[in-house]
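Accompanying notes for the structure given below.
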Amino acid sequence: MKTLLIVMGKTTDKHFIAGIEDYIGRIKHYLPFQFVTIPEIKDTRNLSEDQQKVQEGELILKHLQVSDTVVLLDEHGTEYRSIEYAKWLQKKMNTVKRLVFIIGGAYGFSQPVYQRANELISLSKMTFSHQMVRLIFVEQLYRACTIIKGEPYHHE
């Protein structure tokens, strides 16, 4: 199964970049993984939040294939404990060709992106910066991979 993480806008904090790159390198030992950055929309001063979401949504949808299983990281999504998430991921590994996770922009997702999504996942009830969510997500994906393989990274 190929796995992608699509994000809006580049990561700018050097500490987050280093952590993200570290976990991406680790994840690639377990499954094909690609981190896709969609450049931020320029000159958003004259755009409403909805207009910005629509433009970002159009860019996101261009990266998707018809057969993709699309999972949005969204505050209204299902929350999993790490063990549960690993079981969920294992099922996807057995049934899906390409699993695409998406972290949207500051205002969330447009309606067409929600309509395209197969599932929503929430990392926490707390709010994190979009930069931080990227690091948390790749760490949790790596953790799930080690749980699936029975490796000692995760402790109960």
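The values are calculated or read from the model by the stated rules, or taken from the named source; none is laboratory data. All values derive from a computational prediction rather than experimental measurement. Positions of Cβ are generated from backbone atoms using ideal geometry, with glycine treated the same way; all protein chains shown enter the neighbour counts. Accessible surface is based on the protein model in full, side chains and every heavy atom, while ligands, DNA and RNA are left aside. Shrake-Rupley method; radii C 1.70, N 1.55, O 1.52, S 1.80 Å.
Tabulated values for the structure
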read-out	value
Nearby aspartates and glutamates by direct alpha-carbon distance to residue 91 (threshold 20 angstrom, same-chain neighbours under 8 apart not counted)	68, 79, 119, 139, 151
Per residue solvent-accessible surface (Å²) - the stretch 1-99, probe of 1.4 Å	62
Cross-link pairs 53/125; 42/92; 10/97; 53/97 - those with Cα-Cα distance over 31 Å	42/92
In degrees, nearest ten, helix 130-148 long axis to first principal axis of the chain (Cα)	20
C-alpha long axis of helix 49-62 to longest principal axis of the chain, angle in °	50
Peptides 102-110, 30-38 ordered by average Cβ neighbours within 10 Å, highest first	102-110, 30-38
With DNA, RNA and ligands ignored, accessible area of residue 133 (1.4 Å probe; Å², nearest 10)	20
Cα long-axis angle, helix 14-27 against the chain (0 to 90 degrees, to the nearest 10)	50
